[in-house]
Each structure stands twice: as C-alpha cells, then as structure tokens.
Amino acid sequence: MQAKKEEEVKISIGWYFIWFSMIGFLVIFSVWMIWQGAKNEDVSNVDSLFKIVAGITGLGIAVKMSLDVIKAIRGIKGPKWRYRTLVRCLNCKFQSEREFKEGEYVGKKWDDPCPACGGPMVIELIYAKPPEERRSLL
Amino acid sequence: MVDFSAVMSMLAMLQQSRDDWFSWMVFLLFMVIMNFYASRLQVQFWMGQIGRALDQLNRFRLEAEREFVKTASKYGKEKEKIKKALDRFIGFFTIEPEITDPAGAMVKLDHIVRNREDRLNFFIKEVAPSSDKVALGNLRDLLESTIALDFIFRIVRHYFVLGKKTQNMIYIAQIQMLLPEIMRMARAWRMSVEASKLGLPLGDGIGPLVALKMIGNSELIDFGENVVGTELNIEGRRVLVLKAKGPGGEVGKPGEALKRIIESRAGNVNRIVMIDAALKLEGERTGEIAEGVGAAIGGIGVERWKIEEVATKYGIPLDAIVVKEDYAEAIAAMTKEIAKKANEVVNRVKEAILSRTSEGDYVIVVGVGNSAGIGNRLEVSGVAS
Ligand SMILES: [Zn+2]
C-alpha cells in the first residue's frame, strides 16, 4: 500500500510540472508578442496592435491558469477549517469566543470564572468556520 | 491517432478548388473517421477524469486510515497492530434482511442493526482497550467514515478498471456522470473524519443541541439505550426532553426508549415533538426551520417504525420540527449557520407545546441526532439560564 501511494504522488508531480511549463511557455510567448508589437514605432499599426492585445490576453490566461493550479494544490491539501468555542456566563451577558480544544463539548463547565462578574461559565456552542467565508460547504 | 498530414493536405486541397470532387471525398472520409475517433477520444478524456478522481479518493481513504490508527493508538495499543486489525476490518459489511416475506422484516432489521453496532464496538474495544465511552463513540464514528471512504474508493475503482478492460463507453459514462456527486460525498466524509477525530459536534447534532438547551442544568434520568433526559415544567405541562447520551458520538435508540416510556405510562402521553436535521433541497437556505408532522428521525428506519407503531397504538399526535441542511453539512462539523438556530428552535418547540397542548398534559420532546461534542446538561449547579 505504501508503494502505491508513492507512485501516485509521482504522477501528481509530473502533472504539475506539465502545467507549470505550459504556463511558463505562455508567459514567455506573450511577453515576446508584446515586445514585438511595441518595438514598432507606429504602435497604432494594426499588426502591432494585434500583437500587443494577443500578448496581454496570453498573460491573462497564464494568470488564470496559475490560479487554477494553486486552487487544485490547495484542494488536495484540504481547506483549513477553524473550530471555535463560544463560552457564556450564566449570571450576566458575558460571552467570549476562542479556539476549540480537544476534549471540549457543549454544556461543559468552563474552568475559569466569568471575568466580568465572577459567575460560573459554560460552553454555549461549538461550531466550524469554513475557510474564506465560503457560501456553500464544499 | 488522426494523421495530421491528412488534415493539412485536405485543407490545402479545399483552398485550391472548392468544387473539386476529390477534395470533397477526402473531407467526407475525414468526417467518417472522426466519427469513430470522437467517441474514443471522449472515452479517453473521461478515463482521465475518473483516474484523477480515483487518485484523490485513494488519498482520502489512506488519510482516514492514518487518522484512525493515530487516534486509536492513544488508547493503549501499538500503531502496527491497529493498522493490521483495521486492514482486516475495513471491508466490513452489513447484509440487509430479505423482505420478500415482509412479515417481521423490521424486527430482523433491528436485530441486524444491533448486531452491527456490537461488532463495531467490539472492534473499537479491541484496538483501543483503554478508551472510555466518549472516545469509543468518537472512534466508532471515525471508523464509519473510514469504511465509507474505502467503500466509495472501491466502487469507483471497480468501474474504472471495468471501463479500462472493456473500453465500454457505458461503464465509463455511468461513473463519469456521477463523479461530481461522488466526490462531494467523499469530501463530506473527509470532513466527518476530522470532526470525529476531534470530537466536534456534527451538523446532524442540532436535535441533541436543542434538547440540551431545553434541559439546562436539570438533573438527568438515564432511560437506557443510550438515551438520557429530564422532565421539565413548561407552564403547567409536564415535558419530558430526551436526547442521545453525549458527548461521545452516539445516536442512541430513541425509538426504543420512547416506546418503553409510553408503554410504562400506558399511553398516557398527549403529544410527541421531534427535532431533527433534515435534508434540504438545493436552493433552500441552510438552517431554515420547517414544521410538519410525523416521526422526524433518519437512519435505517427501525427507530422510525417503532415510534410510528407506538404513536399509532395510543393515538398520540407526532409533531416534527426540522432544521434544513445538506448531506455534507449533516455529517461534517456543525457550522455557525446551523448552531445559531438552536435557540430559535427551542422557542418554536415551546410555542408548539403551548399552542397545541393544555395545562396538565404530558409531552415528550425528542432531540434526534448524533450527540458528538454535545453534553447532556449544563454542568453547573444553581443558576439556570
Ligand atoms: Zn458574568
């Protein structure tokens, strides 16, 4: 099973190599096109204008492609969720949110007393925050 | 593959003389050949898609297995041994009872469900001997997610290999079309792995969460079958609130508990209110609250059947209050959108009780769902909320 896993990682690395070389090629080609278009004194010439527009479009596509690849890598690593614990005082209206720690559950008595009035506190809610405030879960 | 020079020559010929019948022949021939190759190309494209998905599914599966081994190893056994035991157990399956002869099918199903649970518990006890009740529940949830991910991987691999062997477009098309939904499920199970590992409340836990909010810091009664609860007084009504025993991953057997309670009161119950998470339709907002009638309880159907039986026997009306969420949200850690609805649901339950029952009535409220990360009462004495 271990061998199988390594093999798959290799495939993915090859895949990214292809993507990055394609993006690199596109960037070089686009820059070359822009340079070709701009070196002409008369920039309003249709030919050089076309070259500049094509070059800018190429750069745009390259940016979009790299964003896609970064997204794909992030997708594999998995989005980082954050888990929050909401603590509430039972005497006053004091509430406080903090990072969730293993072993906590809703209804558990909080060890520290309320900083505002010294009353007992409990865990009111525990919830997950998806990364980047995305609308849908997945 | 398609010969490129043929295409080029064809184009050249077309440019030279459009009326030339020969070039038209070549063009038609090209179209015919393309017709055959197009489907081949399509199949190759789909196979590539499925292959990449399979890659990802395999990663999810191995990741889940690693998490299970790591978490279980905290409870007194070496990783190697746990890994070995898991490899043997991962294909664990449940055969549903034969229903061609439907009499007693539910009883058989109940028996098999209990059987399954015992086996899972036994396995967890074997790989994590020093785990307490809470850890056992969470490990069992983790194991179920691992089994689910493994199963999804196997199914996709089956069609992938079958498609490769036969080059049959139908096999490949089937799985390719389902791929987005399959991956969505797999990602949801993956989130579930993380939630169970940490012992977080799940989206499905909204029922127990509402029950906990109602129970407050009252003294608990244990009803067996992993169901706990307490009796409250809401403006003269006696209200029994039930939930699965937390804070470990546990759904309990609310149907069985309800049946026993109602039988012990000789059917002297005026109303049952059930709270659960329900599948939303696409386009509906997560956390939307809806009211209806019937036994709001998911799962394989045994518990619902028991509740319906006993409610029908004594003519007790069944109210349902549900919080809408999608499949993924139900099995992953509870999000803020869902958690924040708990207080509103509590109010809705109270409204339902006050408007539909009268003083002196006996009402049972059941918070249905997984109790992971949700305690049984506010663990402080004295001041109530
Ligand atoms: Zn306070």
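Annotations for the structure displayed:
- Note on exposure: A:CYS92, A:CYS117 ranked by accessible area (1.4 Å probe, complete protein assembly) read A:CYS117, A:CYS92, with the most exposed listed first.
- Inter-chain neighbour count for B:193-204: the average number of beta-carbon atoms from partner chains within 10 Å of each residue's beta-carbon is 4.
- Rounded to the nearest whole Hz, the Karplus-based 3J(HN,Hα) values (6.51 cos²θ - 1.76 cosθ + 1.60, θ = phi - 60°) of the range B:146-156 follow the sequence 4, 4, 5, 5, 5, 5, 4, 4, 4, 5, 5, with x at glycine and proline.
- With 10 Å bins beginning at zero, the pair-distance distribution over Cα atoms of chain B amounts to 5, 19, 25, 21, 12, 7, 5, 4, 2, 0 %.
- Average other protein chain Cβ within 10 Å of Cβ, residues B:364-373: 1
- Accessible-area ranking of B:ASP319, B:ASP132, B:ASP204, largest first, probe 1.4 Å: B:ASP132, B:ASP204, B:ASP319
- In sequence order, calculated HN-Hα J values of the range B:85-101 (Karplus, 6.51, -1.76, 1.60; Hz; x Gly/Pro): 5, 5, 4, 6, 8, 4, x, 3, 9, 10, 9, 6, x, 5, 10, 4, 9
- Stretchable slack from B:GLU309 to B:ARG157, in nm (0.36 nm times residue separation minus alpha-carbon distance): 50.5 nm
- Between the amide H of B:LEU242 and those of B:VAL365, B:VAL366, B:GLY367, distances stay under 5 Å, these residues lying 5 or more places away or on another chain, with hydrogens modeled in the peptide plane.
- The mean sequence separation of alpha-carbon pairs under 8 Å and at least six residues apart, normalised by the residue count of the range B:203-381, gives a relative contact order of 43 percent.
- Per-residue mean of foreign Cβ neighbours for A:101-114 is 6 (Cβ atoms of other chains, 10 Å radius).
- Between B:GLU98 and B:LYS165, the simple label model (points 7 Å from Cα in the Cβ direction) yields a spacing of 2.9 nm.
- Amide H partners (placed H, <5 Å) of A:CYS114, local residues excluded: A:GLY119, A:MET121
- Computed over the range A:13-74, the Cα gyration tensor eigenvalues convert (square root of 5λ each) into semi-axes of 29, 10, 6 Å, ordered from largest to smallest.
- Computed accessible area, B:ARG66, all protein chains, 1.4 angstrom probe, square angstrom: 130
- Label-point separation in nm, B:ALA105 to B:PHE122, each point 7 Å along Cα→Cβ: 2.7
- Fraction of beta bridges assigned by DSSP in the protein assembly as shown that are antiparallel (%, nearest 5): 60
- Violating pairs (Cα-Cα greater than 28 angstrom) within the set A:LYS108/B:LYS341; B:LYS77/B:LYS340; A:LYS101/B:LYS213; A:LYS101/B:LYS340; A:LYS129/B:LYS259: B:LYS77/B:LYS340; A:LYS129/B:LYS259
- B:ASP326 - accessible surface, heavy atoms, 1.4 Å probe, Å² rounded to 10: 20
- Computed FRET value (nearest 0.05) for A:PHE50 with A:ASP112, which takes r as the C-beta separation and R₀ as 56 Å: 0.20
- 3J(HN,Hα) couplings calculated from phi for the range A:115-128 with the Karplus curve 6.51 cos²θ - 1.76 cosθ + 1.60 (θ = phi - 60°) are, in sequence order, x, 8, 10, x, x, x, 10, 10, 7, 7, 8, 10, 9, 9 Hz; Gly and Pro show x.
- Surface composition of the range B:203-381: carbon and sulfur atoms hold 47% of the protein heavy-atom accessible area at a 1.4 Å probe.
- An oblate overall shape is assigned to the range B:207-264, the ratio a/c of its alpha-carbon gyration tensor axes (a ≥ b ≥ c) being 1.5 or greater and a/b not exceeding b/c.
- Here r is the Cβ-Cβ distance between B:LEU178 and B:ARG40 and R0 is 22 Å; the resulting FRET efficiency, rounded to 0.05, is 0.50.
- Buried accessible area, chains A and B (both chains, 1.4 Å probe, Å² to nearest 100): 3600
- Once all protein chains are placed together, B:ILE182 keeps about 30 Å² accessible to a 1.4 angstrom probe.
- Accessible surface computed residue by residue for the range B:203-381, with neighbouring protein chains in place and a 1.4 Å probe, gives 36 Å² per residue.
- Under the criterion of Cα pairs below 8 Å and six or more residues apart, the relative contact order for chain B equals 21 percent.
The values are calculated or read from the model by the stated rules, or taken from the named source; none is laboratory data. Nothing here was measured: the structure is a model prediction, and the numbers come from that model. Cβ atoms come from the backbone with ideal geometry, glycine included; neighbour counts cover every protein chain shown. The area values use the complete protein model at the heavy-atom level, side chains included, leaving out ligands, DNA and RNA. Shrake-Rupley method; radii C 1.70, N 1.55, O 1.52, S 1.80 Å.
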